[in-house]
Every structure is written in structure tokens, then in C-alpha cells.
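S.K.: So that we are looking at the same thing, I have put the structure below in C-alpha cells.
The values are calculated or read from the model by the stated rules, or taken from the named source; none is laboratory data. This structure is a prediction, so every number in the text was calculated from the model and none was measured. All Cβ positions, even for glycine, are placed from backbone atoms using ideal geometry, and neighbour counts span all protein chains on display.
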Amino acid sequence: MLVWTGGNTARVGWTVTILVVGFWLGVAFVLRERVMRPLQTLSNMLAALREEDFSIRARGARTDDALGLALYEVNTLGQTLRAQRLGALEATALLTRVMEEIDVAVFAFDGEQSLKLVNRAGEQLLAEPAERLLGRDAESLGLAELLSGDPTRVFETSFPGGGGRWELRRSTFRMGGRQHQLLVVSDLSRALREEEREATKRLVRVLGHEINNSLAPIKSVAESLRALAARRPPPADWASDVERGLSLIGGRAESLSRFMAAYARLARLPPPKLQPLDVAAWVRRVAALERRLEVAVEAGPDVVIAADGDQLDQLLINLVDNAADAALETGGGVEVGWRRDRKAVEVWVRDGGPGLSDTANLFVPFFTTKPEGSGIGLVLSRQIAEAHGGTLRLGNRAKGKGAEARLRLPALGGAPGS
């Protein structure tokens, strides 16, 4: 009995052992399938995301347990990163295409002044392909001077791909945690030549029109006088006809002479001789020159500018004269004043006239609506303003009828006003 019992106990022990081992094997299998495998999948997916492979998706992603939720979030992260990656690639492709198509040279240098980026226009400017340019220093490329000094300037020089007048714009940016400099070099010569051609065409058209307007009646009257002189016997009133014809010829010749003198004056505007000019005294002096009506002066702050007093007198006289002409048409008045801001002095001239009907042609040379006008007053005035580093704008008044001219000039001193 003892032997039998012992054998039975041994069998029971082995059975329990087998059951325990089987249980733990089952637990291990379940853990492997429910924990270890998802963790391995999660690890593989994170490695793929690190390598920028966003095509892998995990199975078993769900929101009802922790591991499934983690897989779900990693799948979502992969989709988001993939969309961002595609957007970045498309934006980079677009930027590359734009840089290749624009006709300005673009260069990027790192902190050691080594070239890291160049577009097609930059290759043409330096007359070498990008493969030979990238990695070279600015000194060897002849661009070292552009990396210092004023970041925005116009200069004249010759590059291997051509010479002329250029505009530089330099800025900084960070890439890879390091600061870089971006150079944008644009050719101004071609644009200036286009402007010169267009200006020449307009000038020839205006000159031809004005000269023909004078020569046509002169030719017609001369033909009439020649026919009159050939008549035998001459008509009884031939003397008065000749007098009228010669008077017409003289009048048209005088008009043509005035036109050519006005053109010469416009073309030979000398550079301004800058001296300190008190704005208050200047405005009051010019306002007092208008005798047809009283010009009201609205006083501004005490301020001094660096200017050519004679040229600014002519500019302001033109503006006040035009304002007075307009005001006399309607019985309105003329006001002149000035104000100061942080950077400039603004002088304004307002009139109570009918306003401006054709603002597009205000600064077109020789365009005028006045019967006796030359059409250069406003053009000359704007040239004077720009020669002083300022601007001149004309338009209709925002409040009330009439027009307003605004002249802005750099300030030299004086307390800022409102």
C-alpha cells in the first residue's frame, strides 16, 4: 500500500508539474502575442519613421486597450508625417522651380563664406555651372565684397557673365542651426534700357506732335502768301493778308520757341546745392508771391531741411500757381502748410477748385490742360523733389472739393511735430 500510494503521489506530482509548466507556457505565449509582438511592431514602426519611411502600418491598432491605442497613434503619426513630407517636397520643388525661372541671381553662403546654393541666373552671372561653384569661398567667386557693407545698395561692376549696374539685397537666415547669408543680385541695366527706350518713344511722339502743330499752319500760311505774291495784279487787300499771315507765322514760331526752351530747361536740371533751409520762412515767402488771391498759411513746427532753396522755390511756386488757377475757376481758396514726422517733413498745398479729372497724365511731360501751359511744371517739380530724396504726390482731396499736393522731404533737424 505504501508503494502504491507513493507511486500515485508521484504521478499526481508530475501531472501538477506538467499543468503548471503548461500554464506558464500558455501565459508566455499569450504575453508574446499580446505584449511582446505589439511592442516589436511598435519598435519597428518607430525605426521606420526615424528613417522617414512612412509606408508601414501596424495591424491590431484599436482604442480599447493600451497597446492597441499606442499602435493607433503611431499609425496616425505616420500619416501626418507622410502628409507633411509630401507638402515639404512639393514646396521645395516649387521653390526650386521659381528660383530657376526668375532672372535675378541668388546665392547662399554659410558662416565660413562657402557657397551652398546658387540658381540658374547665378550660374550665368558667374559663367560656370553649379557643380563648379558649390563649396567655393566668396573670395574666389568675386563676391566677397557683397557679403559686407550696406545690405541694400546699387553698384556698378563686371562679372564673368556680364557687366553693368546692379542692385544688391542681402539678408540672413538659419539652416541646420547655422546662420547663412542670402544674396540677391539683379541687373538694372536691362530695365533701365527698356525705360530709356520707352521714354525716348514718348518724347519723340510728343516732340513730333508739338512741332507738327506749329509747322503745319506755318507751311499752310507760307503757301498762301506765295500764291498771293504770284497774283497779278495783286488784290486790293493783299497788305492786310500778308500782315495777318506773317503774324500767324510769328506767333507759331514763338510758341515753338517757348516749347523748346521748356524742354531744354527740363533736360538740364542741375544737381541741387544743399544748404540748411528753414521750412517756415520758405513756405511763407512763396505764399506771399501769389498776388491773384491770398494764400492761407497753416503754421507747422520749427524744422530745418537740407535743400537747394532756389529749386524748392520753383517747385512750390508751381504748386501754388496751379492751386490758384484751380481756385479762381470756382472762387475757392488756397491753403499751404507743413507737418513733421520721424523721418520727413511734409508740405501740402490744397485748393478749393474743381479737382483733378485726369490724374493718370499729371506727370506726363508736355501734357497740359491749360491753353497757355507748357506741360512741364509738375514734371519739373517732381524731378526737383526726387533730386532732394523726396516725393511729390497729387490727388483730389478726401474731404471737400478741390485737389491736394503733398511734398515729402528728408528732415535735417528740429523737434518732431505731430
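S.K.: If a residue has to be among the polar types (S, T, N, Q) and under 30 Å from the mean Cα position of the chain (by Cα) to count, how many in region 319-352 make the cut?
M.R.: Our first condition is that a residue be among the polar types (S, T, N, Q); within region 319-352, this holds for 322, 330.
Okay, now just the ones that are also under 30 Å from the mean Cα position of the chain (by Cα), so none.
Residues meeting the conditions: 0.
S.K.: Assuming Gly355 fulfils every condition listed in (1) at pLDDT below 85; (2) small (Gly, Ala, Ser); (3) under 29 Å from the mean Cα position of the chain (by Cα) apart from one, which condition is it?
M.R.: (3)
S.K.: Something else about it: Any residue in region 79-101 that is over 23 Å from Asn119 (Cα atoms) and not assigned by TED's automatic domain parsing to the domain that holds Ala130 sitting within a Cβ distance under 8 Å of a residue that is among the aliphatic types (A, V, I, L, M) and surrounded by 10 or more Cβ atoms within 10 Å (Cβ to Cβ)? List the pairs, counting only those 6 or more apart or interchain.
M.R.: Leu81/Leu49
S.K.: May I pose another question? Taking only region 149-195 into account, find how many residues are within 18 Å of Ala108 (Cβ to Cβ), under 17 Å from the mean Cα position of the chain (by Cα) and among the β-branched types (Val, Ile, Thr).
M.R.: 3
S.K.: Looking at region 278-310, which of its residues are in contact (Cβ under 8 Å) with a residue 60 or more places away in the chain and either aliphatic (A, V, I, L, M) or in contact with a Leu (Cβ under 8 Å, 6 or more places away or on another chain) (or both)?
M.R.: Val279, Val283, Val303, Val304, Ile305, Ala306, Ala307, Asp308
S.K.: Continuing with this model, one more query. Report yes if Leu67 is surrounded by 11 or more Cβ atoms within 10 Å (Cβ to Cβ) and in the same structural domain as Leu39 (by TED's automatic domain parsing), otherwise no.
M.R.: Values: surrounded by 11 or more Cβ atoms within 10 Å (Cβ to Cβ): yes; in the same structural domain as Leu39 (by TED's automatic domain parsing): yes.
Judged against the criteria, Leu67 is a match.
S.K.: In region 224-252, what count of residues is obtained for those that are surrounded by 11 or more Cβ atoms within 10 Å (Cβ to Cβ) and polar (S, T, N, Q)?
M.R.: Selection size over region 224-252: 2.
S.K.: Looking at Arg97, Arg59, can you tell me which residue is surrounded by fewer than 13 Cβ atoms within 10 Å (Cβ to Cβ) and modelled with pLDDT of 75 or more? Give the steps one after another, and end with the answer.
M.R.: Details: Arg59 fails: modelled with pLDDT of 75 or more.
Result of the check over Arg97, Arg59: Arg97.
S.K.: Can you name the number of the only condition in (1) under 18 Å from Leu392 (Cβ atoms); (2) touching a helix residue (DSSP H, G or I) at 6+ places or on another chain (Cβ under 6 Å); (3) crowded, with 20+ Cβ neighbours inside 10 Å that Val295 fails?
M.R.: (1)
S.K.: Could we say that Val185 is of a type in the set (A, V, I, L, M, F, W, C) and surrounded by fewer than 12 Cβ atoms within 10 Å (Cβ to Cβ) here?
M.R.: Working: of a type in the set (A, V, I, L, M, F, W, C): yes; surrounded by fewer than 12 Cβ atoms within 10 Å (Cβ to Cβ): no.
Considered against the rule, which asks whether it is of a type in the set (A, V, I, L, M, F, W, C) and surrounded by fewer than 12 Cβ atoms within 10 Å (Cβ to Cβ), Val185 comes out as no.
S.K.: Does Arg165 fit the bill of being out of contact with any helix residue (DSSP H, G or I) (no Cβ under 9 Å at 6 or more places or on another chain) and more than 30 Å from Met45 (Cα to Cα)? Give the steps one after another, and end with the answer.
M.R.: Values: out of contact with any helix residue (DSSP H, G or I) (no Cβ under 9 Å at 6 or more places or on another chain): no; more than 30 Å from Met45 (Cα to Cα): yes.
No, not satisfied.
S.K.: If you take the residues in region 303-344 that are out of contact with any strand residue (DSSP E or B) (no Cβ under 8 Å at 6 or more places or on another chain) and assigned to a loop (DSSP other than H, G, I, E, B), which one is surrounded by the fewest Cβ atoms within 10 Å (Cβ to Cβ)?
M.R.: Here the answer is Arg342.
S.K.: Right, here's the next one. Picking from Pro271, Pro276, which residue would you name as being in a loop (DSSP other than H, G, I, E, B), at pLDDT 80 or above and within 51 Å of the chain's Cα centre (by Cα)? First the steps, then the outcome.
M.R.: Details: Pro276 fails: in a loop (DSSP other than H, G, I, E, B).
Among Pro271, Pro276, only Pro271 is in a loop (DSSP other than H, G, I, E, B), at pLDDT 80 or above and within 51 Å of the chain's Cα centre (by Cα).
S.K.: Pairs please, first residue from region 136-159 and surrounded by 13 or more Cβ atoms within 10 Å (Cβ to Cβ), second anywhere and aromatic (Phe, Trp, Tyr), Cβ atoms under 6 Å, 6+ apart in sequence or on different chains.
M.R.: Ala138/Phe109; Phe155/Trp166
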